[in-house]
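Below: one structure, written as structure tokens.
The values are calculated or read from the model by the stated rules, or taken from the named source; none is laboratory data. A quick note: this is a predicted structure, and the numbers were derived from the prediction, not measured. Don't worry about glycine lacking a Cβ; one is built from the backbone with ideal geometry, like all the others, and counts go over all protein chains shown.
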Amino acid sequence: MTVSLNQISTDERHILKNLYSLYLHDLSEYTEGLDISSDGSFEFDSFEFDSFELIWKREGLTPYFLKKDKTIVGFLLLLERPFLNKEYDYSINDIFILKKYRRKGIAIALLKQLFEQKKGCYFVVELAKNIPAVIFWRKIFSALNIDFEEKKKIIDDEECLMQSFQI
């Protein structure tokens, strides 16, 4: 199995937008803050950023396709400076793997690659109700021998868990 992180170009943004709708659909199980738009899709604009296009206009936002062999199996949105404050170098804002490819070691392999390429102080945040995401990150930390600190935070009226760690 060959896995890779591939930065998404503006020509591929329509693929990311489709995947993002699936991601937001999955998240909608854990929050009242997400609903479908009039066209039946989950809108990126209604969630964490003012606009989907901001990803390509703002420095410090980098989207990646997650690939197994040459097949897109998901995406990752990495935040870094200057988008982040000086306390952190990176945040994995979103990571999504299609259900068909979950629990096969793909995420561990891809995150290991990312951490080898980009060393620094990271944080991740999950909705506290999203137990699968909390379990996922704890599994990643264990598999990659990462020490982390965890705090509860309220973000946009939602109880969240924030883990910070150094790579």
Of the residues Lys104, Lys139, Lys152, Lys119, which is at pLDDT below 95, over 29 Å from Glu53 (Cβ atoms) and surrounded by fewer than 17 Cβ atoms within 10 Å (Cβ to Cβ)?
Lys104
Within segment 67-109, of all residues that are of a type outside the set (Val, Ile, Thr) and in contact with a helix residue (DSSP H, G or I) (Cβ under 6 Å, 6 or more places away or on another chain), the one farthest from Ser164 (Cα to Cα) is Lys68
Here are some residues: Leu66, Leu78. Which one is of a type outside the set (Lys, Arg), in contact (Cβ under 8 Å) with a residue 60 or more places away in the chain, under 16 Å from Leu16 (Cα atoms) and buried (at least 20 other Cβ atoms within 10 Å of the Cβ)?
Leu66
Counting just the residues of segment 1-56 that are under 15 Å from the mean Cα position of the chain (by Cα) and aliphatic (A, V, I, L, M), which one comes out modelled with the lowest pLDDT?
Ile55
Going through segment 122-135 one residue at a time, which ones are in contact with a Lys or Arg (Cβ under 9 Å, 6 or more places away or on another chain) and crowded, with 18+ Cβ neighbours inside 10 Å?
Val125
